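The values are calculated or read from the model by the stated rules, or taken from the named source; none is laboratory data. The model shown is predicted, which means the values in this text are computed figures rather than measured ones. Here the Cβ positions follow ideal geometry from the backbone for every residue, glycine too, while neighbour counts run over all protein chains shown.
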Amino acid sequence: MNIQEAKTEIARTLRAYAKRNADGSFRIPPEKQRPLLLIGPPGIGKTAIMRQIAEEQGCGLVAYSMTHHTRQSAIGLPFISQKEYGGRTYAVTEYTMSEIVASIYDYMAETGHTSGILFLDEVNCVSETLTPVMLQLLQNKTFGNVPLPEGWVIVAAGNPPEYNKSVRPLDMVTLDRVKHMEVGADLAVWMEYARAHGVHPAVRSYLSVYPDHFYNITDTDGGQLFVTARGWEDLSMMLYSYEEDGVTVTPAWFLQYLQHDEIARSFGLYYDLFRHFTEEAGAAAAANGGPDGADRTQDGADRARDGVGSLARLLLASPEKLRRRTSTECLAIAAMLYHPIATAAADTAEMQARLKRRKELAAMLPDSAKAGDARADEETRAFFEQKRRSAAIKTEHDVMKLPESVREEAALARLEDDLAAWRKLPEAERGDPAAYESALIENEERQLAERSAAVSADVGDAYRVLEHCPEGRSALLYFTNDLAHSEEISAVLERYPQESYERYAKEIG
């Protein structure tokens, strides 16, 4: 199965294990709740999906890499206690609580989560002395003589022996007591993740051309050459940072993340091509007062639109050059065109979400604030304090995620600023504060509509560019697929349709 299928299956299993009967007992008794065991190559996202599952299921997560543990830290340290047997007192060796089990109790006290996932990575790569402890855990859900707290599920992960020489095979007795899942690398699934998490467009477009370079392990006389999903994502983040700082990377630099000579060289050449188009777009934008020119007062959506418009205008000004582009070059152009469209659409979606919340908060204001009477200041201050306190509590307990918390504060701050501006107006001009706020919101809604229409227009310009490329068929489909998988862009195109997008979207189903 692929990593997305594994994520779905783990989430289903957690829900099944959490079900209870009418008397409060578990539908599946704890002793029958098998630990989950994921076996798959390194770097495909096993740890990442654990974080996603915990967040989506609203449960806790405690993670350990077992290769960092000794037998003592796993089962606890020995100490001598006195016990009486048959009327005589004896010195007996006992063990303190396992560091791992203790960390679960500490986590519950700190977060309030009473159930969750204990994720143990590299379970089949532990030392020889720790192997029996791991088998005991997988078979009996105990570390030493201390069981896991009720409601906590073990998810263990390991690598196949061909990827790690330290792997120790698990015996049949152990495998018969776990829910065993084999996970493989899947580019299509990873591309969904890459689009959602903003992986560098050069990486995504390159892997569309060379899918066999996504996850590649080659054995040579000098050792293993390898490229993993983790390597591509880490490379992407560093590329973004270097580009912001104006750092130029050398061909050898890519080997730091892509530890396969041929693939690193191939991507280096492709990235040079990608940067060439980036610089062309930057030069055109500067000439038009865009993101690199004199006008630096625009927000993110405006700058992103200028980037698309500048590149599209630059390319369409020389259609004969477009007709000479190779399919690989056309794909690079498609990625260049998509990225700022996605940025502008995301900015537009965030603006819409903040505006919606601002309208909701404005409707909740105390009646005194809406009427502007003498009690307004005190009651309004109490209203904002209560909303901020509520958001802080929800954020602390993971009920409200960080992006939503930031959005809440932005909406509250804007509403406060609006009320402060209304109070500063001459009394004869004030009117109703609710009407004043409503007029401001209507104005922003018009701006939002204009921005959305501009994003849609950029999509149309991008299609006109790509349709000029005689070798650009794959680029058109790549571009359309990316548009279709972006919720923010799809929302814009639903309100402001583009005929070219609808036509190509039918082809990819």
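So which of A453, A410 is under 30 Å from E56 (Cα atoms) and surrounded by fewer than 18 Cβ atoms within 10 Å (Cβ to Cβ)?
A410
Any idea which of V155, V173, V189, V199 is touching a Ser or Thr at 6+ places or on another chain (Cβ under 7 Å), in contact (Cβ under 8 Å) with a residue 24 or more places away in the chain and either of a type in the set (A, V, I, L, M) or in a loop (DSSP other than H, G, I, E, B) (or both)?
Values: V155 fails: touching a Ser or Thr at 6+ places or on another chain (Cβ under 7 Å); V173 fails: touching a Ser or Thr at 6+ places or on another chain (Cβ under 7 Å); V189 fails: touching a Ser or Thr at 6+ places or on another chain (Cβ under 7 Å).
So the residue among V155, V173, V189, V199 that is touching a Ser or Thr at 6+ places or on another chain (Cβ under 7 Å), in contact (Cβ under 8 Å) with a residue 24 or more places away in the chain and either of a type in the set (A, V, I, L, M) or in a loop (DSSP other than H, G, I, E, B) (or both) is V199.
Taking the condition crowded, with 19+ Cβ neighbours inside 10 Å, among the aliphatic types (A, V, I, L, M) and at pLDDT below 90, does A229 pass? Talk me through it step by step, then tell me what you get.
Numbers: crowded, with 19+ Cβ neighbours inside 10 Å: yes; among the aliphatic types (A, V, I, L, M): yes; at pLDDT below 90: yes.
Criteria met by A229.
Would you mind stating whether A449 is more than 30 Å from H113 (Cα to Cα) and at pLDDT 90 or above?
Yes: the conditions hold for A449.
Kindly evaluate V209 against the criterion of being over 29 Å from A346 (Cβ atoms), among the aliphatic types (A, V, I, L, M) and either at pLDDT below 80 or in contact with a helix residue (DSSP H, G or I) (Cβ under 7 Å, 6 or more places away or on another chain) (or both). Please lay out each step first, then the result.
Values: over 29 Å from A346 (Cβ atoms): no; among the aliphatic types (A, V, I, L, M): yes; either at pLDDT below 80 or in contact with a helix residue (DSSP H, G or I) (Cβ under 7 Å, 6 or more places away or on another chain) (or both): yes.
When the stated conditions are applied, V209 does not pass them.
Since N216 meets every condition but one in (1) within 25 Å of P161 (Cα to Cα); (2) modelled with pLDDT of 90 or more; (3) in contact with a His (Cβ under 9 Å, 6 or more places away or on another chain), which condition does it not meet?
Of everything listed in (1) within 25 Å of P161 (Cα to Cα); (2) modelled with pLDDT of 90 or more; (3) in contact with a His (Cβ under 9 Å, 6 or more places away or on another chain), N216 misses just condition (2).
Restricting attention to the stretch 5-46, which residues are modelled with pLDDT under 85, part of a helix (DSSP H, G or I) and either in contact with a Phe, Trp or Tyr (Cβ under 7 Å, 6 or more places away or on another chain) or acidic (D, E) (or both)?
If the condition is that a residue be modelled with pLDDT under 85, part of a helix (DSSP H, G or I) and either in contact with a Phe, Trp or Tyr (Cβ under 7 Å, 6 or more places away or on another chain) or acidic (D, E) (or both), then E31 is the only one that fits.
What residue, among those in the stretch 389-427 that are touching an Asp or Glu at 6+ places or on another chain (Cβ under 9 Å) and of a type in the set (D, E), is nearest to T111 (Cα to Cα)?
Of everything passing the filter in the stretch 389-427, D398 is nearest to T111 (Cα to Cα).
So, of the residues in the stretch 244-260 that are modelled with pLDDT under 90 and exposed (fewer than 15 other Cβ atoms within 10 Å of the Cβ), which turns out to be nearest to the chain's Cα centre (by Cα)?
E244
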